[in-house]
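Participant: I'd like to ask some things about the structure below.
Quick note: the coordinates plus some simple rules give every number you see, no bench work behind them. Owing to the predicted nature of the structure, the values given are computational and were not obtained by experimental measurement. Reconstructed Cβ throughout: ideal geometry from the backbone, glycine too, with neighbour counts over all protein chains shown.
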Amino acid sequence: MTTKLRPTTASLIVFLLLSVPSAFAARNTRLAEGEHVGHINGRSFRYSIAGHGPLVIVQAPGWGIGSAYLENGLAPLRKRFTLLVFDPRGTGGSSPVFRTDRLTNGDLVEDLEQLRSYWGLETMDLIGHSNGGAIAILYAERYPNRVRKLLLIGSQLLGYKGTDNPVRTAEVERRKSDPQFTYYLAHIDDPAPKTDEAFTRYFKERAGFYFYDPSKDVPTFLKTMTRPMSASVNEAFIESPPVSQAPPLGDLTKINAETLVIEGRQDPACPLDESERIRAGITKSKIVAIDRSGHFPWIEQPKIFFSAAFKFLEQ
């Protein structure tokens, strides 16, 4: 005896058979290798996916530099990992930000959370550099169950005032006596220009400030900056809120992720003591401090940096 399905039941089964594979296909398409634009709540985010192996998300700083320097500079990680690098709001191919807007680290945390949902990820392995590290930290505090591994590179820590210490003092004195830094020390605090072209040129002219040995490493760094920076984001973004408005440093204990902090010992932007405070605050964390390196250790000491990064991400 053959049992016949009622028309309504048969139609439902056909619908499910057709729609479920389509849903998975749509999700896979969003994480396929190549260039993408995700549309979320009226905003667009350009992102790229490339590499081989487990997926790792890269969070760039929010102040207007964009993500190209990380997409290019961290490319060696693609040998064993698939890197997803996205343009933060207002930079690259993402929706614009106007200089009259008010953009905070918290806004970019929520952008990352909406993107995580859009990509269909339950958890993430996350990399953040500089202010991108501060955003990653804040994300891991707000959404502790969403971050599996956290790799922080020369990370900013919101609310941290800094301390006097021998390493920082020695580096300040070294720079004062090195003619390479004369221009950088005199002009690093000049007002930023108002156009993208001028702002990009302004930053490139001062990039040497962030390196231990500018003459050796700045040319390599500049090659990774393949897209213009955003002057409007730089004006709109509140990178360093007053301590009273910053997340409590005690919130670091909320982070569940296995964490590695990689820091250049001579980093003038986010000094070693800042990274040591991050390590002290996050329960499951370690630090690798690389000598003769400033704010970009993957360029300045690539062998040490990538060895530590691969080891941590592969554990």
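Participant: Beyond a 22 Å Cα-Cα separation, which of these cross-linked pairs lie in this structure: 286/311; 284/311; 176/223; 79/286; 79/254; 254/284? Don't jump to the answer; show the numbers that get you there.
Facilitator: Numbers: 286/311 12 Å; 284/311 16 Å; 176/223 27 Å; 79/286 24 Å; 79/254 32 Å; 254/284 11 Å.
In this structure, 176/223; 79/286; 79/254 lie more than 22 Å apart at Cα.
Participant: Count neighbours as other Cβ atoms within 10 Å of each site's Cβ, and list the GluC sites (Glu not before Pro) in the range 26-116 that are DSSP loop with at most 13 such neighbours. Don't skip to the answer; put the middle values down first.
Facilitator: Values: sites: 33, 35, 71, 110, 113; in loops: 33.
In loop regions of the range 26-116 (DSSP not H, G, I, E or B), the sparsely surrounded GluC sites (Glu not before Pro) are 33.
Participant: So if R0 is 30 Å, what FRET efficiency would residue 195 and residue 220 give, r being the distance between their Cβ atoms, rounded to the nearest 0.05?
Facilitator: Values: r = 26 Å, r/R0 = 0.88.
The calculated FRET efficiency here is 0.70.
Participant: Another one. For the residue pair residue 100 and residue 286, what label-to-label distance in nm results when each label sits 7 Å from Cα along the Cα-to-beta-carbon direction?
Facilitator: 5.2
Participant: Relative contact order of the chain: what whole-number percent is it, with Cα pairs under 8 angstrom and at least 6 residues apart? Could you put the intermediate results ahead of the total?
Facilitator: On the way: 596 pairs, mean separation 59.8, N = 315.
Reported as a whole number, the value is 19 percent.
Participant: Between residue 204 and residue 253, what's the calculated FRET efficiency when r is the beta-carbon distance and R0 is 51 Å? Round to 0.05. Working shown, then result.
Facilitator: Numbers: r = 39 Å, r/R0 = 0.77.
Using R0 = 51 Å, I get an efficiency of 0.85.
Participant: Straight-line reach from residue 204: which aspartates and glutamates have a Cα under 17 Å away, not including same-chain ones fewer than 8 places off?
Facilitator: The qualifying aspartates and glutamates are 189, 190, 196, 213, 217, 300.
Participant: With each label point set 7 Å from Cα along the Cα-Cβ vector, what nm distance links residue 165 and residue 39?
Facilitator: Between residue 165 and residue 39, the simple spin-label model gives 4.8 nm.
Participant: Nearest 500 deg cm²/dmol is fine: what mean residue ellipticity at 222 nm does the chain get from its DSSP H runs of n ≥ 4 alone, each adding -39,500 (n - 2.57), divided by its residue count? Walk me through the numbers on the way to the answer.
Facilitator: Details: 12 runs with 130 residues, N = 315.
So the helix-based figure for the chain works out to -12500 deg cm²/dmol.
Participant: Label residue 177 and residue 117 with points 7 Å out from Cα along Cα→Cβ: what is the distance between them in nm?
Facilitator: 5.6
Participant: How do the peptides 229-241, 279-291 rank, highest first, by the average count of neighbouring beta carbon atoms within 10 Å per residue?
Facilitator: Details: 229-241: 21.0, 279-291: 16.9.
Final packing ranking: 229-241, 279-291.
Participant: Right, next: With 5 Å bins from zero, work out the P(r) of the range 152-279 over every alpha carbon pair and list the percent per bin.
Facilitator: 2, 9, 15, 18, 20, 18, 13, 5, 1
Participant: Please give the length that would be gained between residue 110 and residue 315 if that part of the chain were fully extended, namely 0.36 nm times their separation in residues minus their C-alpha to C-alpha distance (nm, one decimal).
Facilitator: Numbers: separation 205, 0.36 × 205 = 73.80 nm, distance 2.83 nm.
Full extension of this stretch gives 71.0 nm more.
Participant: Another question about this same structure. How would you rank 76-88, 213-225, highest first, on the average number of other Cβ atoms within 10 Å across their residues? List each step's numbers first, then the result.
Facilitator: Numbers: 76-88: 20.2, 213-225: 15.5.
Going from most to least packed, we get 76-88, 213-225.
Participant: For P(r) over Cα pairs in 20 Å bins from 0, in percent, the choices are [x] 31, 56, 13, 0; [y] 31, 55, 10, 3, 0; [z] 31, 48, 20, 1; which was calculated from the structure?
Facilitator: Read-out taken from this structure: [y].
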